[in-house]
1. Under a Cβ-only charge scheme (Lys and Arg +1, Asp and Glu -1), can you give me the dipole magnitude of the chain about the Cα centre, in debye to the nearest 20?
2. Pull out a ≥ b ≥ c, the square roots of the eigenvalues of the alpha-carbon gyration tensor of the range 181-276, then state rounded if a/c is under 1.5, prolate if not and a/b is larger than b/c, and oblate in the remaining case.
3. Measure nothing but the geometry: give the 0 to 90° angle between the long axis through the Cα atoms of 201-216 and the longest principal axis through the Cα atoms of the chain, rounded to 10°.
4. Applying a 10 Å radius around every beta-carbon, put 148-159, 164-175 in order of their mean neighbour count, most first.
5. Hey, got a sec? Which chymotrypsin sites (Phe, Trp or Tyr not before Pro) in the range 176-276 land in a DSSP loop and have at most 16 other Cβ atoms within 10 Å?
6. DSSP beta bridges in the range 4-266, what fraction antiparallel, as a percent rounded to 5?
7. Going by Cα centres, the range 88-103 and the range 173-246 are how many Å apart?
8. For 87, 162, what ranking results if the residue with the fewest other Cβ atoms within 10 Å of its Cβ goes first?
Amino acid sequence: MTSPTDEMADESLGEFAALRLSVRGGVAELVLTRPEEGNPFDGTLHPEFQDAIGRLRSRRDIRAAVIGATGEMFSGSGGNLEFFQHVNRDLGLWLEIGDAARRLFLDILDLRMPVVAALNGPARGFGATVALACDAVVAARSASLAEPHVTMGLVAGDGGPVVWPHSVGVLRAKRYLLTGDPIPAEDAFRMGLVTDLVDQPAEALSAGRALAARIAALPPLAVQGTKRAVNRGLLARAGEVLELGLAYEGLAATSADMREVITAHREGRPGRFAGR
């Protein structure tokens, strides 16, 4: 059986280097398209993703959206040792990155239409934050979520302290934000980080698309008002902690701790950090 949206052609909403954006039957589909790099939220994806969110916001006919990815990973952390070393030496660069992360995170929370994240594989760092800022999370059983900022000497400041406690409670959120340990999708489902499970990675996007289509078929004022009411608490929490978290993250990014993380990784040894 086919739905009305299956009989319509996709309408492209622009040309991008790191993602694909289209709409069909009132459902937008945003797919990250750099699988060979792990679909990182880096200097290429950040502005394109924000541009895509702006295009969704401008279309009154779009009633739901799904965010997915190609390849084996939903999204990696978006940095390597050379990148972190460059950031460590340039506070101005970090301030630009932090501001971009803040604006993108708030734009997702404030979108009028519900958004479904479809995790075909691991979602790490800001990729996990983006997924948890959505309104439902469909995940393959082989997927996982992780916030590994601390393992690289960074404060988890770019949205993690907002969405993780909101999803799993403060104590459990701190357990994973303070270790960077990954959470397998089945455990994440039991904990409340994932709303729907599918068996295979290839099924995640189609299941996410189907859920988004179900939402899009409902009365839009009721759906959008419900989302806005629920997300008001998240936006209020973001107002309380997001700027502070990003400020702490900037301090960590330019610290001696970060330099030691980079050196230890290159030398293949545990880090040796000064007492505080």
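None of the figures in this text is laboratory data; all of them are computed from the coordinates on show. Everything numeric in this text was worked out from a predicted model, so none of it was measured. No Cβ is skipped: glycine too gets one built from the backbone with ideal geometry, and neighbour counts run over all protein chains shown.
1. Value, rounded to 20: 820 debye.
2. oblate
3. The answer is roughly 60 degrees.
4. 148-159, 164-175
5. 273
6. Here the share of antiparallel DSSP bridges comes out near 35 percent.
7. 25 Å
8. 87, 162
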